[in-house]
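The values are calculated or read from the model by the stated rules, or taken from the named source; none is laboratory data. Only a predicted model underlies this, so the values are computations on that prediction, with no experimental measurement involved. Heads up, the Cβs are rebuilt from the backbone with ideal geometry, glycines too, and the neighbour counts pull from every protein chain shown. Areas reflect the complete protein model, heavy atoms only, side chains present, ligands, DNA and RNA absent. Shrake-Rupley method; radii C 1.70, N 1.55, O 1.52, S 1.80 Å.
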Amino acid sequence: MIKSRSNPDWWIVLATLLLLGIGVIMVYSASAVLAYREMGDWYFYAKRQLFFAILGIVSMYFMMNIDYWVWKKWAKIGLLIVFFLLILLLIPGVGITRNGATSWLGVGAFSIQPSEFTKLAMIIFLAKRLSERQQEIIYFTKGLMPPLAILGLAFALIMMQPDLGTGTVLVGTSILMIYTSGARIKHLLSLMMVGVAGFTGLVLAAPYRIQRILAFLDPWQDPRGAGYQLIQSLYAIGPGGLLGLGLGMSRQKHLYVPEPQTDFIFSILAEELGFIGGGLILILFLILLWRGFRVAITAPDLFGSFLAVGIIGMVMIQVVINIGVVTGMFPVTGITLPLLSYGGSSLTLTLTAIGILLNISRYSR
C-alpha cells in the first residue's frame with residue numbers, strides 16, 4: 001500500500017530552479033544582439049523565455065501535487081493524442097517549418113512542438129506497460145516487440161518531419177526504461193545492431209547528415225559550411241578559460257555562433273562564465289541525476305520507478321548529447337540543453353516532467 005505524501009525532494013527543486021534562473025539570464029545574454037538585429041528588441045527572446053519559465057514552474061507545481069499514478073489511467077489516451085498531432089504535421093500546409101523541419105503546430109510565434117510532448121507520453125505509456133507486464137519482458141516476441149513496435153511508429157513519425165535529434169532522445173530514453181525493466185542483454189544487443197544499420201541508412205539518405213558527420217571528423221575541411229557551427233562553438237569555449245570573459249561579454253554571440261540562445265547556449269555560457277561556470281552547470285545536472293535515480297530506486301511501486309527512470313533519463317540524455325555537440329564530441333544535431341536553452345515547448349515539457357518526478361519523490365520509501 002502506498003503511504004501518505006511527504007515533502008518533495010528539495011535537492012531536485014533547488015537544482016531545477018537554479019538551472020532555470022541561470023538559463024533565463026543566459027538566454028538574454030546570448031540572444032540580445034540577435035534579438036535586436038531581427039526584432040528591434042534586445043529583450044525579445046528573454047521575455048518569452050521568462051514567460052515560459054513561469055508557465056513551466058506553475059505546471060511543475062501542479063504536477064508535484066497530483067498523484068502520479070493518475071497518469072497511468074491516461075497513458076494510452078495521451079499517446080494517441082500525440083500520435084494524432086504528429087500525423088497532423090504530415091498534412092501539407094498544417095505544420096510550421098523552421099530550419100528545414102516541419103515540427104510545429106500553431107500560428108506564428110504561438111506554436112507547440114508535438115515531438116517534445118511525445119517523449120513524455122511515451123515515458124508514461126512505457127512505465128504503465130512495463131510495470132504491468134514486467135515478467136514478459138524477458139521474452140522477445142510477446143514482451144519486447146510490442147513496446148518496440150509502438151516506439152518505432154513514434155520514431156518514424158518524428159523522422160518524417162524530420163527531427164533526428166528528438167527521435168534519438170526518444171529512442172534512447174525508451175531503451176533505458178526497457179533495459180531497467182529486465183530485458184535480456186542479448187535481445188537488446190541484437191536490436192542495437194539493427195538500429196545501427198538503420199541509423200546508418202538515415203544518415204546516408206540525407207546529404208546534410210553526411211556533411212555533419214564529415215564536419216565532426218574534421219570541421220576544418222569545410223570551415224564556412226558544415227564545419228562552421230562547431231568551429232565557432234570551440235572559438236567561444238576556448239577563450240573562456242577558468243573564469244570567463246564576464247557575463248554579457250561574449251564575442252561569439254555577435255552573429256558568429258548560430259542559434260546562440262538554443263542549441264549552442266552552453267558554448268556562450270562557457271565563454272562568459274568560463275570553466276567554473278560550465279562546471280557549476282554540470283554539477284547541478286549531476287545533482288538532478290543523483291536525486292532522480294534515487295527517487296526511482298525508492299519509489300513505492302514499479303510504475304513510479306519506471307516513470308522516474310524515464311524522466312531523469314530523458315533529461316540526462318539531452319544534456320549529454322547537447323554538451324557533446326558543442327564541445328565537438330558528437331556530430332551536430334538539433335537538441336537543446338534542458339532548462340537553459342530557449343524554447344517554449346521544450347522548457348514547459350521539461351518542467352512538467354520534473355513536477356511528476358517530484359510527486360513520485362513525495363512517496364519515496
Check your understanding: Using every alpha carbon pair in segment 269-365, what percent of pairs falls into each 10 Å bin from 0 up to the bin containing the largest distance?
Key -> 16, 43, 30, 11, 1
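Suppose all protein chains stay in the model; what accessible area per residue would a 1.4 Å probe give for segment 1-148, in Å²? It would help to have the intermediate numbers written out before the result.
Working: 8120 Å² over 148 residues.
Heavy-atom accessible area per residue stands at 55 Å².
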Exercise for review: Place the peptides 169-178, 134-143 in order of packing, highest mean first, counting for every residue the other Cβ atoms within 10 Å and averaging per peptide.
Suggested key: 169-178, 134-143
Practice item. Could you check which residue among Asp263, Asp301, Asp41 shows the biggest mean-square fluctuation in a GNM of the chain with a 10 Å Cα cutoff? Key: Asp41
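Once neighbouring chains are kept in place and the probe is 1.4 Å, which whole percent of the accessible area of the chain is contributed by carbon and sulfur? Mind dumping the intermediate values first?
Details: 11810 of 16860 Å².
Whole-percent figure for carbon plus sulfur exposure: 70.
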Review point. Of (i) 21.8; (ii) 21.2; (iii) 23.7, which one was derived for Kirkwood radius over Cα pairs in Å from the structure shown?
Key: (ii)
Check your understanding: If the cut-off is a Cα-Cα distance under 21 Å, which lysines reach Lys119, setting aside same-chain residues fewer than 8 apart in sequence?
Key -> Lys72, Lys73, Lys76, Lys128
